[in-house]
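A.B. asks: Quick one: the structure is below, questions incoming.
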Amino acid sequence: MSIRDELPVFPRHVGIIMDGNGRWAKKRGLPRSAGHVAGAKVFKKIALYAAEIGIPCLTVYAFSTENWSRPPEEVSALMRLFKTYLQDAIDNFSDRDICIRFLGDSSVFPKELRELETYIARNSAGRKGMTLNIAMNYGGRAEITRAVRSLAQAVEAGNLRPDDIDEAMISNHLYTAGEPDPDLIIRPSGEKRISNFLLWQSAYAEFVYNDILWPDYTTKDLDDALREYARRSRRFGGVK
Ligand code: IPE
Ligand code: IPE
Ligand code: MG
């Protein structure tokens, strides 16, 4: 029996801020890049498990718009790792019913990485199992800015009246268009902040924080977060 059958409520969309790779490596006297390698392995394990237990949509935060401010050697190690991982993903995820989407501005990535993203997104599009969003060069503020710009252009072109802009229209101009908002956002590593992740979409998300560093995160920790979510009382501003 999977955890899904055990729980009375199950999230439709889970977000994970995969944090703590650097500290994990530091604790072991390893370079930060070794923490990212370990974190990427855990990403694969958790993503496959999430699909197995029937989470409809999973968003993982892999690289933020602010992460470019890290030392150049760390950024290039991450770009290399993303490339290897996306190449692997073609094999690891190809026989799974997982639709992979990339959230964020990929235009600044090295050409090979951009092409891998396009290939994977195109090949997995339309799969009906889990949707796996990989947020790479993603920032909530950049995403909202992009949506506002696109709506302003439509107004300028005479195709949209400002009064017609509503919340649903804004949602539909975000990278997550068509997906449910996250019900649950998990942040391991001990930090208790959103760090520019799914700002618009997380308006009523439940948060689960814990002290586990991402490379130590296990499928049991995800089960625990799902149990914790099932115990929460969500009110959406109303009364229950
Ligand atoms: C998260 O781990 C991975 C990325 C942001 C790419 P960190 O690298 O932020 O790890 P800590 O927070 O320094 O431990
Ligand atoms: C958030 O973690 C971004 C990712 C996990 C990709 P950070 O480590 O960048 O966030 P801060 O700097 O602690 O807020
Ligand atoms: Mg961090």
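A.B. asks: What value does region 146-188 have for Rg/Rh, both radii from Cα atoms and Rh as Kirkwood defines it? Can you show the working numbers first?
C.D. replies: Working: Rg = 13.4 Å, Rh = 11.9 Å.
Rg/Rh for region 146-188 comes to 1.13.
A.B. asks: Oh, and also: Can you tell which of Ala168, Ala203, Ala38 shows the greatest fluctuation in a Gaussian network model of the chain with Cα springs below 10 Å?
C.D. replies: Ala168
A.B. asks: Counting C-alpha atoms alone, how compact is region 111-229: give Rg to one decimal and Dmax as a whole number, in angstrom.
C.D. replies: For region 111-229, the Cα radius of gyration and maximum Cα-Cα distance read 17.4, 53 Å.
A.B. asks: P(r) tail for region 69-139, what percent of Cα pairs lie past 17 Å?
C.D. replies: Values: 1063 of 2485 pairs.
Every Cα pair in region 69-139 considered, those over 17 Å come to 43 percent.
A.B. asks: What FRET efficiency do you get for Met169 and Leu30 if R0 is 35 Å and r is their Cβ-Cβ distance, rounded to the nearest 0.05?
C.D. replies: It comes out at approximately 0.15.
A.B. asks: Work out the length of the dipole vector of region 170-240 about its Cα centre, built from +1 on the beta-carbon of each Lys and Arg and -1 on the beta-carbon of each Asp and Glu, and round it to the nearest 20 debye.
C.D. replies: In total the dipole reaches around 380 debye.
A.B. asks: Using only the Cα atoms, what convex hull volume per residue in Å³ does region 188-240 have?
C.D. replies: Here the figure is 93 Å³ per residue.
A.B. asks: Taking the chain as a Gaussian network, where each spring joins two C-alpha atoms under 10 Å apart, which residue of Met136, Met79, Met18 fluctuates the most?
C.D. replies: Evaluated over the chain, the most mobile residue of the options is Met79.
A.B. asks: If you place +1 on the Cβ of every Lys and Arg, -1 on the Cβ of every Asp and Glu, and leave all else neutral, what size is the dipole of region 21-134 about its Cα centre, to the nearest 20 Debye? Intermediate results must be reported in sequence, preceding the final value.
C.D. replies: Working: 18 positive and 12 negative charges, 81 e Å.
So the dipole magnitude of region 21-134 works out to roughly 400 debye.
A.B. asks: Here's a follow-up. Given a 1.4 angstrom probe, what's the average accessible area per residue across the chain, in square angstrom?
C.D. replies: 52
A.B. asks: Averaging the inverse of every distinct alpha carbon separation and then flipping it gives the Kirkwood radius. What is it for region 1-59, in angstrom units?
C.D. replies: Across region 1-59, the inverse of the average 1/r is 13.0 Å.
A.B. asks: I need the P(r) histogram for the chain: all alpha carbon pairs, bin width 10 Å from 0 out to the longest distance, whole percents.
C.D. replies: In order of increasing distance, the bins hold 7, 30, 37, 20, 6, 0 percent.
A.B. asks: Ratio of region 1-119's C-alpha Rg to 2.2 N^0.38 Å, to two decimals?
C.D. replies: 1.16
A.B. asks: At R0 = 30 Å, how high is the FRET efficiency between Ser195 and Arg12 if r is their beta carbon distance? Nearest 0.05 is fine.
C.D. replies: 0.85
A.B. asks: In addition: 222 nm [θ] for the chain, helices only, -39500 (n - 2.57) per DSSP H run of 4+, per residue, to 500?
C.D. replies: -13500 deg cm²/dmol
A.B. asks: Okay, next question. Projected onto the charge dipole of the chain (+1 at Lys/Arg Cβ, -1 at Asp/Glu Cβ, origin at the Cα centre), which of Met130, Gly15, Ala40 gives the Cα projection farthest towards the positive end?
C.D. replies: Of Met130, Gly15, Ala40, it is Ala40.
A.B. asks: Compute a Gaussian network model of the chain, connecting alpha carbons closer than 10 Å, and tell me which residue from Ile16, Ile144, Ile186 fluctuates the most.
C.D. replies: The residue with the greatest mean-square fluctuation here is Ile144.
A.B. asks: Sticking with this structure for a sec: Looking at region 77-142, which trypsin sites (Lys or Arg not before Pro) are DSSP coil and have at most 12 other C-beta atoms within 10 Å of their C-beta?
C.D. replies: Hits after loop and neighbour filter: Lys128.
A.B. asks: Taking the Cα centre as origin and putting +1 on Lys and Arg beta-carbons and -1 on Asp and Glu beta-carbons, what dipole magnitude results for region 92-233, to the nearest 20 debye?
C.D. replies: That gives region 92-233 a dipole magnitude of about 180 debye.
A.B. asks: OK, next. If a paramagnetic tag sat 7 Å from the Cα of Lys83 along the Cα-Cβ line, which residues of region 109-132 would have the backbone N under 14 Å from that point?
C.D. replies: Taking a point 7 Å out along Cα→Cβ of Lys83, the residues of region 109-132 whose backbone N falls under 14 Å are 109-117.
A.B. asks: Once you have the Cα-Cα distance between Asp97 and Tyr204, take 0.36 nm times their residue separation minus that, and quote the gain in nm to one decimal. It would help to have the intermediate numbers written out before the result.
C.D. replies: Numbers: separation 107, 0.36 × 107 = 38.52 nm, distance 2.83 nm.
Once the chain is fully extended between Asp97 and Tyr204, it gains 35.7 nm.
The values are calculated or read from the model by the stated rules, or taken from the named source; none is laboratory data. Source: prediction; values computed, not measured. Don't worry about glycine lacking a Cβ; one is built from the backbone with ideal geometry, like all the others, and counts go over all protein chains shown. SASA here: full protein model, heavy atoms, side chains in, ligands and nucleic acids out. Shrake-Rupley method; radii C 1.70, N 1.55, O 1.52, S 1.80 Å.
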